[in-house]
Structure formats: structure tokens, C-alpha cells
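Notes for the one structure printed next.
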Protein chains: 2
Amino acid sequence: MKLATYKDGSRDGQLVVVSRDLSLAHYATGSATRLQQLLDDWNFIAPQLQELSQTLNHGKARHAFPFDPAMCMAPLPRAYQWADGSAYLNHVELVRKARGAEVPASFYSDPLMYQGGSDDFLGPRDEAVFGSEEQGIDFEAEIAVITGDVAMGATPDQALEGVRLLMLANDWSLRQLIPAELAKGFGFFQSKPATAFSPVAVTADELGEAWRGGRLHLPLRSDWNGRQVGLCEAGPEMTFHFGQLIAHVAKTRNVRAGSIVGSGTVSNKDWSRGYSCIAEKRCIETIEGGAPVTEFMRFGDTIRIEMTARDGQSVFGAIEQRVAPTEGG
Amino acid sequence: MKLATYKDGSRDGQLVVVSRDLSLAHYATGSATRLQQLLDDWNFIAPQLQELSQTLNHGKARHAFPFDPAMCMAPLPRAYQWADGSAYLNHVELVRKARGAEVPASFYSDPLMYQGGSDDFLGPRDEAVFGSEEQGIDFEAEIAVITGDVAMGATPDQALEGVRLLMLANDWSLRQLIPAELAKGFGFFQSKPATAFSPVAVTADELGEAWRGGRLHLPLRSDWNGRQVGLCEAGPEMTFHFGQLIAHVAKTRNVRAGSIVGSGTVSNKDWSRGYSCIAEKRCIETIEGGAPVTEFMRFGDTIRIEMTARDGQSVFGAIEQRVAPTEGG
């Protein structure tokens, strides 16, 4: 099934079930009003929504209405956890190579991951507001999963069983703040502003064969100011699958229902497939020509992130955001 | 007023109002069932609970019952944000000095802070479960605040207005995992297992003169295996006050209601006051004798953390935890 959260003026919005083709929606009110409720009590509520989903897909839901992605908040407008991996090692290799550094051998067995803020996510069409263009505004196109409860010490296979929903993420980054912040030693903080998510989160069964081995084998397309800049395959080059990423989170603590775990920037070794974040393009330019040429984003710029199934159907709907200055900024 | 969350088998527990002397409690059911509800709608719900609090303090609440800290979850059993500062620079200075490093000048103007996991907090009497004693099990006694909504770009003064509640935290750390994890560059993750909080969270007016300038001017006592090891003054040596810490969080994003912001380990320059985490004791031993002598915690060890007002009254109740191995561990 496909699920979204409609804006209704509240902090958590209203849960809706969305048809497979993203044309119709239906309030889930009878079963749950908020997505977190479903995640808290998945085994009881999910079957009810699956039934509604089928009715909707067959065009037989009486109170269905046209689905409008502009009405969407993030599927979870706020969450109890946002842990973002860096699972495409090609991305890490490029960043290191551009600054003449090696990738430590341990990076191929121990995932890189940071703990992100999760109290204020952006909807797929919300403006992305920043204080200054000098901060180095960059998008990052990613895959993310929402988990159920996963016990401390879970193996990657057990952790993979905890995947409840998949979605897309735009993990906004302020590149010029990163070097000084990481140099302090405690990881990202101000350099990672509010993250945006796709209109729709979907169960794994919606993905068929594309979801296998804990990886999503479909191309992720990024359009910057209306021009395609990336069409990166999300499957084969994901060094750590989602079960491994979730198990990393669960190593020393329980992971509770509604945790969001991200893949990090989707990245391919074949540069002709383009990029899922500008920083990577700048790394390639540095490796090839000694210095970056492409600038980061400006106020007014747009970014569109979407994943299309082999049949041409948009899986999650598109993230479409405009970069904007803070009021008075 | 003083608030706690009673275990009831649910993920978020039941909100109760607790009397000033921590002897009595009363369900807040008529106004809110969960603490997050209060934080989401503070201006509407808080006055109702203040009234109940007064009735309770006057011994006139009809359905009051004896307050039992053992029944408590963390005041927020799960939260949308846990951002922990390192506001006592003496702690940072000791850690650096022990390894022969300088504290960068910027550390005195720009707070150190990490983003922590917030999906699975421990109650004040919950066992602290770890996989191995070899991980370097350590407590960290801290002050923490719970905020309302604070807008992106808030000044420290504005941010301080966002403080809704104060409590104590035990920010468990796995010291032997920290060096390798920080060397990866993305900050803490597995080295910071589930954090525990005090039985009770209190509004600032409960603290009187002790709460001033965004700092809590009371001594924080830590007892390890029944022996007092720290009685550190939390006020004067807090380099960054809570308004500054919250403003740091809000620099590039909105901070939403229910965010928890921590002070970091309370630490004093006067070593005779003892310590609020074992790592600090080991730093002092290293500075004085060339190597640490005190070992980290063992399974079966206990830690008790409490703050007493000038009149002898426990402000937040005590965190009292036992260290335990994972089942089969």
C-alpha cells in the first residue's frame, strides 16, 4: 500500500491511503489518523489499511478524492529517530579522492552514519528556507526506510524484517558549514537543516522484484532547475543494505517503531549517470580539473527528485522544492 | 509544577502531576494523557495542570495517590529531538589536557553539541543494559531542558523563553567505542546508548532563585555503588547557558515542541567536588599520575543521580540505575 500525510493544520497531519497510480486518496480515519499510530500498532492496523488500499486500487472506494502531492507533509512530519547512513561508498571515495585522501579499509565493513534532527521535517513541496546562499546549499537525493521495533543486537537479516515503509529523502546540506563543524569532532549539526521526504511512503510489496537483498533496484532521478542532473541506479552499488544500516543503529540500543533510516546520497561509479548531490559533481570537477566549477544552489533554484518503476509509474511521487531565504534574510 | 510519566504498558505512558515534595501524584487525564500533548498545546493545557498542581500541593486533590518513582518512565519516554551540549568547558579542558591537546579558542564561543537518539529513553529506575563491560560503561550526570517551539534563527534570549521544563539526565556512554567512532568523522552513534531521565520534570518557577541566567544554580550529586563521587555545582561554570544551547540547535532549522536539550556532564574546576562521569576522574588521574586508575562500570554496579534544593528537598527525584548485561550476553 501507499500512504501519505495530508496537511490539516496539526503537527502530525492526517493519514491517507493513496492508490498505486497516485491518482486517488482516501482518509484512513477509521483505522488511524496519524502514520505513527500505524507504526506503533502495525500488526493490528496495517491489514485494515491494506484492505482499503485494494478497494481504492480497484476504483471502488466511495469517499476517494484526487490525490494532490502539494497537500502532503512528510509521511512522518516528525519522527523519534532519523539516522542517515552513507551506504554508497562511491560517494565517500569521490569526496576523499577530491581532497587527496584514502578511504579507510574499515569503511567497507562498518557503515558511516550520522544522527539527524527529526522534530521538524519538510513536506515534498515545502520551500527549503536558508539564512544565506554562502552556506553552500546542496540537495542530497536518497532512499529511506521507516522501521518497526528492532531489538538491540539484531542481525542484519533480523533488522531487515523491521522495514515497514520506503520513501525518498532530500537530505539538505549546508556544505560550507560542514568542514568547521566536523572538525569539532561531534559530527553534523547546523550543517544539516530540515530534511524533506517524498509525498508517499510505500510498503515493500509495492516494489515487487525491485526490492531485493535490502536494496531498491530502481533509478533515482534528480532535476536541478528543470534539467536532469542525475539518473543513478540505487540498487547494485549500495555497499550496505538497509538491514545492515538498521543493525548498525541497533548495535547498542533498541530501535523503536517510526525510526527513519536513510541510505545516504545515491551514487554510481559511472559518472555519466550524473549525480544526486552537487558536492559530488564538484568532487569530480576537482579530480578532473583541479578545482570545482559548479556552484551550489541559489535562492529561487528548484530541485525535483523522483523514482520511476520499470513500468513508468512514479513510485513515491516527486519531491519538488524551491530554495528560499528566511524572511528578512 | 512537577510532572512525571507513569508506566501503563503503552509507549508514551500516562501523564501525572506530582506534588512539590514528591509525596503525591494525580493523573492529568482530564487535561492530557501524555506529556507530548501538553508540550504541543502548552498555553491551553498548562494552566489546567498548574491548577491541579496547586490543589495537590495543598493536600486537597481527591484522587491523589502516593508517588512512586519506580513507576516512572522518562518524562518523555520518546522524543522528537535529543540534542546534548558540552556546556561545561572544564570537562572538555580535562579531556584534552589528559591527551596533551589544547582546547581550540572557538570552543569558548561556539558550543560543542551532538545529536542523540531519542526513540527509546530509559526511565529513572530502568536497568541500563549493555553488551559487554569491555565497552567502557560510564554514566554522565547532566541537566536537561524540554523546549516549546523555537523558531530558526532565535537569539539566545528568545531561545531561553522556549524552556518549558527541566529535568536530570544520565547520558550513558560507551567510552571504549568513542575514539574509533569519532575518528570516522560523523560523531557519536553506537557509543551513545539509551539515555535515562529523572522521575520528574519541573517548570522553572519550581526552582525559584536557583534558576537564573539560563543556568540551574544547585549542586548535582552522583553516587556510584552507594558512595558519593560527585557534588558538582551546576550553575557558575556552565560556559553556555540553555538559551545559548537552544539557539545553537535553532541556528539553521526550527526547533519544535518536545525537543530535549542537555547541558553535557556537569563539571567543576575544583577537583575536590568530585566528578559527574568516570571519564573525567580518569583524565585527572592521567594528568596527575600519567595513567588512569579508576575502572569503568561493571555489571551489577549502581549509579544514583540527584539534585537537592537549598531547603533539602529533592527537586527531580533520583535517577537510580543498575548496570546489567543483555540477555544471554
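The values are calculated or read from the model by the stated rules, or taken from the named source; none is laboratory data. A quick note: this is a predicted structure, and the numbers were derived from the prediction, not measured. When we count neighbours, we look across all protein chains shown, and the Cβ atoms used for this are built from the backbone with ideal geometry, even at glycine. Heads up: the accessible areas ignore ligands, DNA and RNA and are worked out on the full protein's heavy atoms, side chains in. Shrake-Rupley method; radii C 1.70, N 1.55, O 1.52, S 1.80 Å.
Per-residue ellipticity at 222 nm, computed for the protein assembly as shown from helices alone with -39500 (n - 2.57) per DSSP H run of at least four residues, works out to -5500 deg cm²/dmol. Under 5 Å from the amide H of A:Ser259 lie the amide H atoms of A:Thr147, each residue being 5 or more positions distant or on a separate chain, with H modelled from the backbone and absent for Pro and chain starts. Among the residues of the stretch A:239-258, those with an accessible-area drop of 40 Å² or more from chain alone to full protein complex, heavy atoms and 1.4 Å probe, are A:His248, A:Thr252, A:Arg253, A:Arg256. Probing with 1.4 Å while keeping every protein chain in the model, the per residue accessible area of the protein assembly as shown equals 37 Å².
Label separation (B:Thr155 vs A:Asp68): 4.0 nm, computed from points 7 Å beyond Cα along the C-beta direction. Straight-line reach from A:Lys251: taking Cα to Cα under 22 Å and skipping same-chain neighbours fewer than 8 places apart, the lysines in range are B:Lys184, B:Lys192. A quarter of the convex hull surface defined by the alpha-carbon atoms of the protein assembly as shown gives 28.8 nm² as the mean projection. On the rotation that sends chain A to chain B, the chain A Cβ lying closest to the axis gives residue and distance in whole Å as A:Gly187, 1.
What order, most packed first, do the peptides B:265-271, A:270-276, B:163-169 have when packing is the mean number of other Cβ atoms within 10 Å of each residue?
On the way: B:265-271: 21.6, A:270-276: 17.4, B:163-169: 25.0.
The packing order, highest mean first, is B:163-169, B:265-271, A:270-276.
Listed by chain and number, the lysines whose C-alpha is less than 23 Å from the C-alpha of B:Lys60, apart from same-chain residues fewer than 8 away, are B:Lys2.
Indicate, rounded to the nearest 5 percent, the antiparallel portion of the DSSP beta bridges found entirely in the protein assembly as shown. Please list the in-between numbers first.
Numbers: 106 of 122 bridges.
About 85 percent, rounded to the nearest 5.
Please report the relative contact order for the stretch B:78-325, taking Cα pairs under 8 Å with a sequence separation of at least 6, and give it as a percent rounded to a whole number. Display every interim value, and only then the final one.
Details: 598 pairs, mean separation 75.9, N = 248.
Reported relative contact order: 31 percent.
Each copy carries a label point for B:Ser106 at 7 Å from Cα toward Cβ; from one copy, the others' points are 2.4 nm away, ordered from shortest. Need one value for B:72-80: mean number of C-beta atoms belonging to other chains within 10 Å of its residues' C-beta atoms. Other-chain Cβ atoms within 10 Å of each residue's Cβ, averaged: 3.
Count the DSSP beta bridges whose two residues both fall in chain B, then state the antiparallel fraction as a percent rounded to the nearest 5. Let's see the in-between values first.
Details: 53 of 61 bridges.
Restricted to chain B, the bridges split so that about 85 percent are antiparallel.
At a 10 angstrom cut-off on C-beta neighbours, averaged per residue, how do the peptides B:95-102, B:252-259 rank from highest to lowest?
Numbers: B:95-102: 13.1, B:252-259: 24.5.
So the order, starting with the most tightly packed, is B:252-259, B:95-102.
Quantify, in whole percent, the carbon and sulfur part of the accessible surface of the stretch A:57-194 (1.4 Å probe; protein heavy atoms only). Before the final figure, lay out each step's value.
On the way: 2480 of 4910 Å².
Carbon and sulfur: 51 percent of the exposed surface of the stretch A:57-194.
If I take R0 = 35 Å and measure r between the Cβ atoms of B:Ile287 and B:Ser132 in this structure, what FRET efficiency does the formula 1/(1 + (r/R0)^6) give, to the nearest 0.05? About 0.80, to the nearest 0.05.
Tell me the total accessible area that A and B bury against each other, 1.4 angstrom probe, in square angstrom rounded to 100.
4700 Å²
Full extension of the segment from B:Tyr6 to B:Glu327, taken as 0.36 nm per residue of separation minus the current Cα-Cα distance, would add 113.0 nm. Averaged over the residues of A:148-157, the number of partner chain Cβ atoms lying within 10 Å of the residue Cβ comes to 2.
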